[in-house]
Each structure stands twice: as C-alpha cells, then as structure tokens.
Amino acid sequence: MNEKLSFVNPTANSPWGTYLSQVDRVVPYLGPLARWVETLKRPKRALIVDVPIEMDNGTIAHFEGYRVQHNMSRGPGKGGVRFHPDVTLEEVMALSAWMTIKTAAVNLPYGGAKGGIRVDPKKLSLQELEKVTRRYTSEIGIIIGPHTDIPAPDVNTNAQIMAWMMDTYSMNVGGTATGVVTGKPLHLGGSLGRVKATGRGVFVTGREAARRLGMDLRGARIAVQGFGNVGSVAAELFVEAGAKIVAVQDHTGTIVNTNGLDLTKLVPISRTDGVVGFKAGGDIVPNEDFWDVACDILIPAALEGQVTAERAKKTTAKLVLEGANGPTVPEADDILAERGVLVVPDVICNAGGVTVSYFEWVQDFSSFFWDEDEINVRLDRIMMNALNQIWDTADKHKIPLRTATYAVACERILMARQERGLYP
Ligand code: NAD
C-alpha cells in the first residue's frame, strides 16, 4: 500500500514537493531496487520541539524547533541546523532528504538528517542566541549523538553555535563528546578546511564542469546569489582562477559591476553591512534585476526555490552551480535543460561541506588531526571521483546530472536497505 504522508501536502515547487518529484524521475533507472523507493518518500523520524527561553527584557519567548532524520540505512544521520524565521517542518524534511542523497552520492557512511529553529537570530542578543541553541540541543538530545545523528552548521549557524551544541550535549551525557557535531572551532575538535569546504567543493565541481563545457574560467562572468559561507568562498576561489564576479545578491540587496566586483573589499564589508554596504564598488539594483545580469556561470548559494521557471528563462548562464540546497524548482530544471544550460546539482555541487564534516568526525574519533593540505587533497579526490562516476551515469543513460546523481545515490541507499532487510 502506498499511502501518502498524512501531515504534509506539498505543492509542486515547495521543497518537499521538489524533492519528491526528483525521486520520481529516478525510478526508471533503479531496476529491481525500485520496489524499495517508497522508503525515500517519507522521513524515518521527525521531532518537533518547543524552545522556551527567558529574553534579556524578562519576557518568555517560545520558538519552534525541528530535527528530522530522513534515512539512516547507510549510517548515522548527518545534516546541518538552520536558524531562520521561515523554517518549517516541511522544509527541514526536504533538507534532510537531500542530505540522504548527498552523503550517498559522495559515498560517505552516513544517512541524512537536518534541523532548524523558527527564529531570526539577528534579532537576538548573544546571550539569547546561546540560550536558544542550548535548549534546542537539549530537546533534540534524545535523538542526536556521535553514533546516531551528527548536526553541523547551515544558514545562520556557525562554529560558535556548534561549540554550544557540543557543550550542552556533553553536559547532558556527562563527558566531552566532540563527535556529536561537526563544524566546531579548531581547538574543540574542529577540522582545518571545514569553513571553506562547501565553497571549495562548489569550485572543484564547477571547474570540472567548465572544462567539460570548453568554458575558460579566465574572464568568465559569474553571478552569485547568497554571499555567506558558501557563496563568498566559492566566489573567491573562482576569482583566484581568473573569473570575475559581476553580480552578488544577499538578504540586503543586489550589487552589480560588469567589470568585476573587488572581493577583497566586498567580502569584509558584506560581513557587517551586507553587500549593499559596498556601494562604492558597484551599482545597487532592484533584486529581480540580478537574474538579468549577463553571466556565464550562475551560483545560487542562498535558499531553496530561487531559480524559478521565469528566472530560468532569462538567465544567460551556460552553467548553474547549486551551492544552496534545492535552489532550482523542477519546472525550471526542465527549462534550463531545454535551453542547454548545464546544472551541477546541489547533492554533488555542495557536498564538500559534509565531506570535510566526515573528516572532522573521523579525526575526533581517532583524536588525530590532519593538516589542511591533506584535507584538501582528500576532499578534491572524493569530489572528483563522485562527479566522474555521476557524469558516466549521465552519459550512459543520456540523463541530466541531477537524475544521474540520484541514480547513483539511490542505488547505494536502497541496496543498503535491501541488504539490511526489514525489522522485525
Ligand atoms: P550563510 O548563513 O552563511 O549565508 C546565507 C546567505 O544567503 C547570506 O549571504 C544571506 O544574506 C543570503 N540570503 C538569505 N536570504 C536571502 C534572500 N532572500 N535572497 C538573497 N540572499 C539571501 O549560509 P550558508 O552556510 O552559506 O548556506 C547557504 C546555502 O548553502 C543554504 O542553502 C545551505 O543549506 C547550503 N549549504 C551550506 C553548507 C555549509 O557548509 N554551510 C553546506 C551545504 C549546503
């Protein structure tokens, strides 16, 4: 019996709806394993928690938090924690599912999970932020752990928040458990290279895609949406390779400079004032104009659902590198394919972060830490091996890279499911 989930009715372009349609597209390539595909269409476990804290002004505020474990057939759950006022259970379900696909696509021994709190951290004091983080960690403490589910940073969360999460979990279990989260500060069991890993992975996969397209990175024009951890690091690496960043958009607005924005100035200013703080370095334009800026490469590195059908019709990019999770809705995917635009999908393009998170977790368990060169060499090798295998699958079946990535990943997940068998 294929009953639909009772608690969610996704629309086509919602994150969970997007994910479900991505899974449907892979079914023809799964052979006999297709009988297990329903397991991917529902999360294994979803926890909703109340996060009450006393605010600095003495009032009591309640925030809603989530932790979803989508699939753990191949190993412990793995996935970030997002602090954002618009986070919903449905969104976290989709993000957790994309983690299942991503960890399998790069063949890490993990399943997929994700967490979030409906909160705008920019409106909290540092003390309130710490309280929210600690109470949330304590509430989800019943399902996370170094061997069960390992959170990490995502939108609006960082190494400090991971340190508080690690400390809270450790206090509750009565011993320092560094391996419970990744993306920690270096002196608390963090890994060299983790902060830049996702942006680096976007660059490594993008460089290979450009090579295969015959696109020279020197002089290539790039538009980047989202200028946080992922977008800004990827942009810097592309500039090092000779490309120029012609447009950047973040939550404060959009800045354009067809001669290339000076990142040495834009990056530090954006950290405090957002990209519009760099008025001197380019033109501030209405947000929708971002999608019209002439470019060769588009890097959506903000939130889901940003590349809509309308925007897919207008972009001049020949290559889309999905730094964000779920930035392209299925209809836009089809339009980009029809227009001959190559999309390197999120589930491989931004897998650099979880790969170095895996290195961090391994280093924590062995209490032996690697140097940054070793991390980057291993990261590049894992990303390139995964990408080449996915490309071979795409060529073999003449399918887009996204469907090929799902085919490779879903085969691994469903094979593990089949080999483990159903309990009881
Ligand atoms: P971040 O918080 O460091 O940066 C987010 C950026 O998006 C900021 O520049 C913010 O201003 C911008 N933004 C927010 N809302 C926006 C809007 N409505 N329009 C335009 N820009 C907006 O987050 P991050 O870690 O860089 O994550 C960005 C994306 O990458 C997310 O989809 C996340 O899930 C994904 N991702 C992150 C990692 C990681 O290691 N950090 C790994 C894999 C995927």
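The values are calculated or read from the model by the stated rules, or taken from the named source; none is laboratory data. Because the structure is predicted, anything quoted here is derived from the model rather than measured. Using ideal geometry, Cβ is built from the backbone for each residue, glycine included, and neighbour counts are taken over all protein chains shown. The area values use the complete protein model at the heavy-atom level, side chains included, leaving out ligands, DNA and RNA. Shrake-Rupley method; radii C 1.70, N 1.55, O 1.52, S 1.80 Å.
Quick rundown of the values:
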{"quantity": "Meets criteria (within 11 Å of the ligand (Cβ to nearest atom) and open to solvent by 20 Å² or more (accessible area, probe 1.4 Å)) for ASN172", "calculated": "no"}
{"quantity": "Some residue of region 210-224 being aliphatic (A, V, I, L, M), without any contact (Cβ under 8 Å) to a residue 12 or more places away in the chain and away from the ligand (no atom under 14 Å from the Cβ)", "calculated": "no"}
{"quantity": "Condition check for ARG35: touching a residue at least 12 places away in the same chain (Cβ under 8 Å) and among the basic types (Lys, Arg)", "calculated": "no"}
{"quantity": "Candidates PHE238, PHE227 - the one that is away from the ligand (no atom under 13 Å from the Cβ) and not assigned by TED's automatic domain parsing to the domain that holds ASP154", "calculated": "PHE238"}
{"quantity": "Among residues of region 108-145, those that are in contact (Cβ under 8 Å) with a residue 60 or more places away in the chain, in a helix (DSSP H, G or I) and hydroxyl-bearing (Ser, Thr, Tyr), counted", "calculated": "1"}
